[in-house]
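Here is the structure we will look at.
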Amino acid sequence: MTEQLPFWKGPWARFLLAALIVFGLRLHTLEQIVVDWDESVYLVVARDLVDGGTLYRTAWDHKGPLLYAVLSPVVALADGSMVPVRLFATGWLLLTMLFVELIARRLVPSEVSFAAPLLYGTFFSVPVFGGLAANGELFMMMPACAAVWAGLVWMDARRPEWLLLSGTLTGAAFLFKPTAVLSVAVVPLLVLARASGRAEKGWLRRVCIDGTWFGAGLLAPLAGAVLVFTVAGNLGDALYATIAFNRAYVAGTPFLESWQQLSAFFGWTVLGDPFTFAAVAGGVFLVLRRRSDHPWPDWTGLFLGGLTLGSLAGVCLGRNLYFHYYLQMALPIALVITVAVAGLAAPRGVWRKLAPAVLLLAVLSAFSPHRSGPEGLTRTPEEDQTLRVVAGYLAQNKAPDDTLFVLGGQPVLYYLTGMSSPTPYGFWLFHADRWDAILGSRSTTLEAFASSPPDWFVFRPHDVRVPELEAFMMRFYHPVAEFGDTRIARRVP
């Protein structure tokens, strides 16, 4: 008879400890206004939806609709505060870590499974990757991890409803950010390998049946989204933003340039983070050795390889390799490291000695000096204070129906002040030549200014690089305040 361990000695206690560590690593950002540029845009679009706007029409961005849908209730309750947004993002991450724990338990003994969610959460607590932000990778990976877990449950249970659930969660992940499905592509790979590997008669028919269950689940949320947008009358706007624009965006970067960025990116990762690299290399070595005393399922190597390659493809698909793209690799890296720990510990029962090393790896990865962030994704206290002052000034001096246009400064000002823009391109797309060539956002914005000029302009002088806009501002606006490198101008009555 197996002795029942007290809860505080069991695997769920270790998972809760990992969750508390990650919560603590993110705690210092609760009141920080801006961690990453993208999250500011997400909050602006979500705020526009709360105010009755139409997605992809009255406020424009090119991520999937579920990203803004899940943020909208939080934005409605937050009333311009960042604390509820930060708490919600951290809670979402902890839920994702739960699914990472469940995946890990399918691969390794529960004594060491806590290492996977701990490492995964640490990736999303590292400034250089933008992981502290409420970014797209943080949100898309929850349904993606849940889909992978459901697929692994199917590997044991062989009940079609698990494939249906996996496909549905994959469709949901796509509606957050399309690249998420590449991490889940390992599930159809396992379906194919399981059937063909047995070499039984009718295996192709079995693959078709299983694939139909997965595909039906995948199409269900996509069909639901099409129906919602069709009823709302903006299906064309949604398809253009999420498919046509993204396709042009990816194609806009030459392949050679993308390859150079990728090489430099991984070179920086290997040289700047030897802890993670050494652990991953050790995990790969152990997977390739396939030691007979490992307690792994026979499909572990195929699963880790497919998950890693699929996630890497998701990182690379953006072509312009921003550092937060790399967060899609957090799942395979965390699982490979955990398998390495299990492979070393389980045969000799020394996991208790190795567990502190895993924790040390997480802490070192979070606080080692090279993590200060070459891209500056975490804003300085001075920038944060400037945003607070600018938002406070606008809140005190604006009329109830005043509109705002932020050029070059942080678009989170729309969220903090509750002000709207007269153009759907009220933030980063306006002055970027590359995106303007795809969208025509600059001419659209100038036309909107002609018919409905904003009451306030917030800008940084070095960002005013459009002659037409500069002439427009000099003619109709006068400066009223300056804080740091940010200036505020008001329309002349």
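The values are calculated or read from the model by the stated rules, or taken from the named source; none is laboratory data. Since the structure is predicted, the reported quantities are computational estimates derived from the model, not experimental observations. A quick note on method: Cβ atoms are made from the backbone with ideal geometry, for glycine too, and the neighbour counts reach across all protein chains shown. Only protein heavy atoms, including side chains, enter the accessible area calculation; ligands, DNA and RNA are left aside. Shrake-Rupley method; radii C 1.70, N 1.55, O 1.52, S 1.80 Å.
Does Gly167 fit the bill of being over 27 Å from Ala19 (Cα atoms), assigned to a helix (DSSP H, G or I) and under 22 Å from the mean Cα position of the chain (by Cα)?
On the way: over 27 Å from Ala19 (Cα atoms): yes; assigned to a helix (DSSP H, G or I): yes; under 22 Å from the mean Cα position of the chain (by Cα): yes.
Spelling it out, Gly167 is indeed over 27 Å from Ala19 (Cα atoms), assigned to a helix (DSSP H, G or I) and under 22 Å from the mean Cα position of the chain (by Cα).
List every residue pair whose Cβ atoms lie under 6 Å apart, where the two residues are 6 or more positions apart in sequence or sit on different chains, the first residue falls within the range 1-27 and is at pLDDT below 90, and the second residue, located anywhere, is open to solvent by less than 50 Å² (accessible area, probe 1.4 Å) and of a type in the set (Ser, Thr, Tyr).
Pro11/Ser110; Leu25/Ser125; Arg26/Thr90; Arg26/Ser125
Please find, within the range 65-99, the residue that is farthest from Leu394 (Cα to Cα) out of those that are more than 16 Å from the chain's Cα centre (by Cα) and of a type in the set (S, T, N, Q).
By that ranking, first place goes to Ser72.
For Leu71, indicate whether it is over 25 Å from Thr403 (Cα atoms) and part of a helix (DSSP H, G or I).
Details: over 25 Å from Thr403 (Cα atoms): no; part of a helix (DSSP H, G or I): yes.
In short, no.
Pull up the range 170-180, narrow it to residues that are part of a helix (DSSP H, G or I) and at pLDDT 95 or above, then point me to the one that is farthest from Phe245 (Cα to Cα).
In this case the residue turns out to be Thr170.
Which of the residues spanning the range 13-60 are of a type in the set (S, T, N, Q) and either buried (at least 24 other Cβ atoms within 10 Å of the Cβ) or within 20 Å of the chain's Cα centre (by Cα) (or both)?
Residues satisfying the conditions are Thr29, Gln32, Ser40.
Where the second residue is of a type in the set (Lys, Arg) and open to solvent by 30 Å² or more (accessible area, probe 1.4 Å) and the first is under 22 Å from Val148 (Cα atoms) and modelled with pLDDT of 55 or more and lies in the range 290-305, which pairs have Cβ atoms under 7 Å and are six or more apart or on separate chains?
Here the result reads Gly301/Arg290, each pair linking the range 290-305 to a residue that is of a type in the set (Lys, Arg) and open to solvent by 30 Å² or more (accessible area, probe 1.4 Å).
Considering only the range 75-91, how many residues are farther than 20 Å from Arg388 by Cα and either among the charged types (D, E, K, R) or surrounded by 18 or more Cβ atoms within 10 Å (Cβ to Cβ) (or both)?
3
Answer with yes or no whether Leu164 is at pLDDT 90 or above and touching a Leu at 6+ places or on another chain (Cβ under 8 Å). Working first, answer last.
Working: at pLDDT 90 or above: yes; touching a Leu at 6+ places or on another chain (Cβ under 8 Å): no.
Answer is no for this residue.
In the range 224-243, is there at least one residue being of a type in the set (Val, Ile, Thr), at pLDDT below 90, assigned to a helix (DSSP H, G or I) and open to solvent by less than 80 Å² (accessible area, probe 1.4 Å)?
Narrowing the range 224-243 to residues of a type in the set (Val, Ile, Thr): 226, 228, 230-231, 242-243.
Still in the running and at pLDDT below 90: 242-243.
So of that shortlist, the ones also assigned to a helix (DSSP H, G or I) come out as 242-243.
Still in the list and also open to solvent by less than 80 Å² (accessible area, probe 1.4 Å): 242.
Yes, because at least one residue in the range 224-243 is of a type in the set (Val, Ile, Thr), at pLDDT below 90, assigned to a helix (DSSP H, G or I) and open to solvent by less than 80 Å² (accessible area, probe 1.4 Å).
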